[in-house]
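Bear in mind that the values in this text are calculations on the coordinates, not laboratory data. Quantities reported herein were computed from a predicted structural model and do not represent experimental measurements. Cβ: placed from backbone, ideal geometry, glycine included. Neighbour counts: every protein chain shown.
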């Protein structure tokens with residue numbers, strides 16, 4: 001998505017990325033970024049919270065108009081629910097489940113090889 | 001890790017894929033600079049386009065070999081649900097059953113009624129998340145730009161899941 005934002009901006013249309021993987025977006029380098037520090041899946045706010053989603057969109061639109069130059073990041077004043085430990089949960093590597101993860105990886109590589117064979121056919 | 005330190009997604013992803021047995025780490029796109037364009041009109045006169053990484057419910061963005069393509073849907077009658085299960089997101093912590101939590105069309109329509117923007121463009125757009133930077137740069141991004149220009153989009157908000 002960050003690469004798409006760069007291409008759109010190069011075509012002369014201003015963009016804002018709204019989302020949470022701040023390190024990945026800023027590593028790519030984008031014109032404008034509104035950081036919503038929420039779990040991956042809900043970049044615009046909690047599910048079923050239209051008030052929060054509206055505040056996030058309004059902030060992104062104002063950033064679209066007001067950013068002084070490229071690589072402008074703003075931090076939206078949103079936090080996740082009362083759910084301690086959510087940050088540690090995504091893509092967690094449990095040392096006691098290494099064999100299970102390895103087996104999942106094998107299955108994933110098998111499916112990827114199948115998909116590639118179909119594409120190349 | 002404290003609960004206020006932003007998650008390091010690159011490091012987390014590297015460690016996860018190593019645990020899955022992948023031999024080489026993913027290389028994220030990296031640029032020291034970024035392009036920059038300004039709104040050609042005041043915000044209140046601007047028509048805004050929305051872009052998502054999700055797929056349509058009928059999977060019509062996929063060809064018969066499983067390849068995924070840029071797609072568009074109507075902003076005046078957006079689907080209640082969009083497909084997200086093929087993407088990497090925190091499926092243990094949250095859900096995507098509320099489409100507006102990742103493609104908040106109604107929020108923009110409400111702000112347009114109040115005069116913050118002129119409105120949304122007739123279509124929102126979907127762009128696949130691809131492993132290959134080249135596919136995004138050479139194929140998907142140019143197609144997305146073409147669609148944005150067709151509808152005279154003045155500005156774009158992108159919501160990666």
### Message
I need the shape label for the range B:35-159. Rule: rounded when a/c is under 1.5, else prolate if a/b > b/c, else oblate, with a, b, c from the alpha carbon gyration tensor.
### Response
oblate
### Query
Taking every eigenvalue of the Cα gyration tensor of the range A:32-91, multiplying by 5 and rooting it, what semi-axes result, largest first, whole Å?
23, 14, 8
### Query
Counting DSSP beta bridges with both partners in the protein assembly as shown, what percentage is antiparallel, nearest 5?
25
### Whole-Å semi-axes of the protein assembly as shown's equivalent ellipsoid (Cα gyration tensor)
30, 22, 18
### Task
Could you check which residue among A:99, A:91, A:11 shows the biggest mean-square fluctuation in a GNM of chain A with a 10 Å Cα cutoff?
A:99
### Task
Kindly rank A:44-54, B:89-99 from highest to lowest mean number of other beta carbons found within 10 Å of each residue.
A:44-54, B:89-99
## Note on the structure
Over the Cα atoms of the range B:1-105 the radius of gyration and the largest Cα-Cα distance (Dmax), both in Å, equal 18.2, 52
## Note on the structure
The FRET efficiency for residue A:100 and residue B:25, from their Cβ-Cβ distance with R0 = 25 Å and rounded to 0.05, is 0.75
### Query
Rounded to the nearest 500 deg cm²/dmol, what is the calculated helix-only ellipticity per residue at 222 nm for chain A, with -39500 (n - 2.57) per DSSP H run of length n ≥ 4?
-15500 deg cm²/dmol
### Summary
By the C-alpha gyration tensor axes a ≥ b ≥ c (rounded if a/c is under 1.5, else prolate when a/b exceeds b/c, else oblate), the shape of the range A:64-119 is oblate
### Cα shape, chain A, gyration tensor, a/c 1.5 rule
oblate
### Message
Along the Cα→Cβ direction, 7 angstrom out, place labels at residue B:41 and residue A:81. What is the inter-label distance in nm?
### Response
4.0
### Query
In deg cm²/dmol, rounded to 500, what helix-only [θ] at 222 nm does chain B give when every DSSP H run of at least 4 residues adds -39500 (n - 2.57) and the total is split over its residues?
-5500 deg cm²/dmol
## Note on the structure
Across B:16, B:26, B:131, the residue with the highest GNM fluctuation in chain B (Cα network, 10 Å cutoff) is B:16
### Query
What fraction of the DSSP beta bridges in the range B:5-161 is antiparallel, stated in percent and rounded to the nearest 5?
40
### Task
Mind pulling the angle between the C-alpha long axis of helix B:9-19 and the longest principal axis of chain B? Nearest 10 degrees, somewhere in 0 to 90.
40
### Query
Given a cut-off of under 8 Å on Cα pairs at least six residues apart, what relative contact order in percent is computed for chain A?
22
### Task
Within a 10 angstrom radius of each residue's Cβ in A:98-110, how many Cβ atoms of other chains show up on average? Whole number is fine.
3
### Message
Counting other beta carbons within 10 Å of each residue's own, what order do A:8, A:24 fall into, fewest first?
### Response
A:24, A:8
### Task
Rounded to the nearest Å, what's the spacing between the alpha carbon centres of the range A:14-48 and the range A:77-121? Just the number, please.
21
